[in-house]
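Reviewing the structure listed below.
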Amino acid sequence: MTTQKMTYRSTRGEDAGEGYSDIVLTGLARDGGLYLPAHYPQIDAGMIFSWKNLSYADLAFEVMRRFADDIDPQKLRDLLRATYVPGRFCNGRPEDDATLITPVHWIDGGACGLLSLSNGPTLAFKDMAMQYLGGLFEMLLAERGAQLNILGATSGDTGSAAEYAMRGRRGIRVFMLSPEGRMSAFQRAQMYSLDDANIYNIAVRGAFDDAQDIVKAASSDARFKTECSIGTVNSINWARISAQVVYYFKGWLQAAARPDEIVDFSVPSGNFGDVLAGWIAKQMGLPVGQLVVATNENDVLYEFFTTGVYRVRDAAHTYVTSSPSMDISKASNFERYIYDIVGRDPGRVRALWSEVADKGGFALSPEEMAAVRASGFAAARSTHADRVRTIAELWQREGVMIDPHTADGLNAARAHRREGVKMLVLETALAAKFAETIREATGVDPVEPEAYRGIEKRPQKVLVMDADVEAVKAFIRRTLQDCKA
Ligand SMILES: *Cc1c(COP(=O)(O)O)cnc(C)c1O
């Protein structure tokens, strides 16, 4: 293990010498950039291979202590052992070994595997990192005697993953805005049936964008932010990315028969957080071959990897699809990858992102594009018809049911599969969350995990408010005063 102390730098500035604990509580860097480690820890493939029999939690410790070297090792190990327990990640296929936390389910005669990341409490891969983040924040806040009030907006998945991670945690409250009446009955029940005292669901009369605008406006009010200790848990948080690196190691260890065996990965992508973690695992020395970026009709990333042009979309060109967690107009974490591609030159990143602000996008130079091609990324785009066909075909042939996001991943994997190289498809949600598309594809209802039976009938706790930032701020101030009193 490297003895060099780990510090973090912003993609748009200089190394400020900050450690893991500080930057995970900060979120976005002060100059508007995203934090990355000053260097990627290097691990020899032989050593990685020797971790084959470690539990998920102990593997996570080996990987993450290299990023979080300012946390007491015993505390970090205890936190990871408390987080990655089979009881919390138990919603997968009964025939798979749940003690692995992220078991691989082999399909296509063993050429392809589904890396199951969606067995956590909200049935989507965001639980993998968010469950850790809940424990990490609770620990760091207790050490500092501080409090954190998380303000967020959700159209479904992120909000519920955050609430299930933060429920009952000391020093933390969650104020989660959602668009009234726009989420599925299952999603509403999942969030609004939580009765923990530190979780506040606010349904805003309006669309998701109205809810998100309120969060942006409130978060840019510096006085409100400081006085109310407002924070976020969005996908650019480095703690989430660092926790996601681990399952690439766990997937590879289940697939590889030799220390030098190359494994390809296909990743259903939106904000580029999930596949970025794969890129980082590869930089650390994990024998990763291709990283296939799978998109739906919202194909910003597909366009970039096939043309070198990054062009963000406006609202009129962001489509509502049957893999909704990938419906993005821009990819927040993409800046981190570009930083590596341009030789970690923050001036170049600033120039590119000012082109995004002024002209809605940029084109890389031929030399930079050569670096993209050498980086091992590939991309493929799927439509609704592709998803339905992929789900139907796997169900009929193998009796395996996948959700629409994973179907985008599998479709992309098949477009880029190489003879003799195993391909792992990241399974990012369970079919149970997307019953409508599953019925369309297979004619049957997906199985609901035990914990969710009858959830739609449970009592719900939600406050309905107008889409008014001042009203939301006043509610938060009042709530915090009541808690103090
Ligand atoms: C969030 C999400 C994605 C996209 O992940 P990114 O890290 O944003 O690229 C894919 N599938 C599901 C089910 C998700 O919830």
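The values are calculated or read from the model by the stated rules, or taken from the named source; none is laboratory data. This one's a predicted model, so the numbers in the text were calculated from it and none came from an experiment. Every residue, glycine among them, receives a Cβ derived from its backbone with ideal geometry; neighbour counts consider all protein chains shown. Heads up: the accessible areas ignore ligands, DNA and RNA and are worked out on the full protein's heavy atoms, side chains in. Shrake-Rupley method; radii C 1.70, N 1.55, O 1.52, S 1.80 Å.
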Please go through segment 41-88 and give me each residue that is open to solvent by less than 10 Å² (accessible area, probe 1.4 Å) and modelled with pLDDT under 95, ordered by number.
none
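State the number of residues belonging to segment 108-131 that are within 26 Å of LYS216 (Cβ to Cβ) and either in contact with a Gly (Cβ under 6 Å, 6 or more places away or on another chain) or of a type in the set (Phe, Trp, Tyr) (or both).
Step one: list which residues in segment 108-131 are within 26 Å of LYS216 (Cβ to Cβ), which gives 122, 124-127, 129-130.
From what is left, the residues that are either in contact with a Gly (Cβ under 6 Å, 6 or more places away or on another chain) or of a type in the set (Phe, Trp, Tyr) (or both) are 125, 127.
Total satisfying the criteria: 2.
Condition check ((1) within 17 Å of GLU456 (Cα to Cα); (2) under 21 Å from the mean Cα position of the chain (by Cα)) across all residues:
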{"position": "ALA165", "(1), (2)": "no, yes"}
{"position": "GLY168", "(1), (2)": "no, no"}
{"position": "MET183", "(1), (2)": "yes, yes"}
{"position": "ILE202", "(1), (2)": "no, no"}
{"position": "ALA207", "(1), (2)": "no, no"}
{"position": "ASP221", "(1), (2)": "no, no"}
Could you say which residue among VAL300, VAL320, VAL309 is of a type in the set (A, V, I, L, M, F, W, C), without any contact (Cβ under 8 Å) to a residue 60 or more places away in the chain, surrounded by fewer than 18 Cβ atoms within 10 Å (Cβ to Cβ) and under 23 Å from ALA370 (Cβ atoms)?
VAL309
Looking at (1) more than 16 Å from the ligand (Cβ to nearest atom); (2) among the acidic types (Asp, Glu); (3) closer than 27 Å to GLY113 by Cα, which one does GLU297 not meet, given that it meets all the others?
(1)
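Could we say that SER322 is within 16 Å of the ligand (Cβ to nearest atom), among the hydroxyl-bearing types (Ser, Thr, Tyr) and in contact with a Phe, Trp or Tyr (Cβ under 8 Å, 6 or more places away or on another chain) here? Before the answer, list the steps.
Numbers: within 16 Å of the ligand (Cβ to nearest atom): yes; among the hydroxyl-bearing types (Ser, Thr, Tyr): yes; in contact with a Phe, Trp or Tyr (Cβ under 8 Å, 6 or more places away or on another chain): yes.
Here the answer is yes, as SER322 does meet what is asked.
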Determine which member of the set GLY289, GLY231 is farther than 20 Å from MET423 by Cα and either surrounded by 21 or more Cβ atoms within 10 Å (Cβ to Cβ) or not aromatic (Phe, Trp, Tyr) (or both).
GLY231
Only one of ALA385, ALA370, ALA374, ALA357 is modelled with pLDDT under 95, out of contact with any helix residue (DSSP H, G or I) (no Cβ under 9 Å at 6 or more places or on another chain) and at negative phi. Can you tell me which?
ALA357
Within segment 368-380, identify whether any single residue is hydroxyl-bearing (Ser, Thr, Tyr), within 30 Å of GLY110 (Cα to Cα), away from the ligand (no atom under 16 Å from the Cβ) and touching a Phe, Trp or Tyr at 6+ places or on another chain (Cβ under 8 Å), and answer yes or no.
yes
Checking VAL472 against (1) open to solvent by less than 20 Å² (accessible area, probe 1.4 Å); (2) over 27 Å from ARG173 (Cα atoms); (3) hydrophobic (A, V, I, L, M, F, W, C), which single condition isn't satisfied?
(2)
Just to be sure I understand the filter: pairs with C-beta atoms under 9 Å, separated by 6 or more residues or on different chains, first member in segment 327-341 and touching a residue at least 12 places away in the same chain (Cβ under 8 Å) and among the β-branched types (Val, Ile, Thr), second member open to solvent by 20 Å² or more (accessible area, probe 1.4 Å) and assigned to a loop (DSSP other than H, G, I, E, B). Which pairs pass?
ILE328/ASN271; ILE328/ARG313; ILE328/THR318; ILE338/LEU364; ILE341/LEU364
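Among the residues of segment 423-435, is any among the hydrophobic types (A, V, I, L, M, F, W, C), more than 16 Å from the ligand (Cβ to nearest atom) and open to solvent by 10 Å² or more (accessible area, probe 1.4 Å)? Give the steps one after another, and end with the answer.
Quick first cut of segment 423-435, residues among the hydrophobic types (A, V, I, L, M, F, W, C) only: 423-426, 429-432, 434-435.
Next cut, more than 16 Å from the ligand (Cβ to nearest atom) only: 423.
Going one step further and asking which of them are open to solvent by 10 Å² or more (accessible area, probe 1.4 Å), we end up with none.
No, because not a single residue in segment 423-435 is among the hydrophobic types (A, V, I, L, M, F, W, C), more than 16 Å from the ligand (Cβ to nearest atom) and open to solvent by 10 Å² or more (accessible area, probe 1.4 Å).
Give me the helices (runs of 4 or more DSSP H) completely within segment 324-391, filtered to those with at least 3 residues that are over 21 Å from the mean Cα position of the chain (by Cα), ordered by residue number. Working first, answer last.
Numbers: elements: 334-341, 346-359, 366-374.
The helices (runs of 4 or more DSSP H) meeting that bar are 346-359, 366-374.
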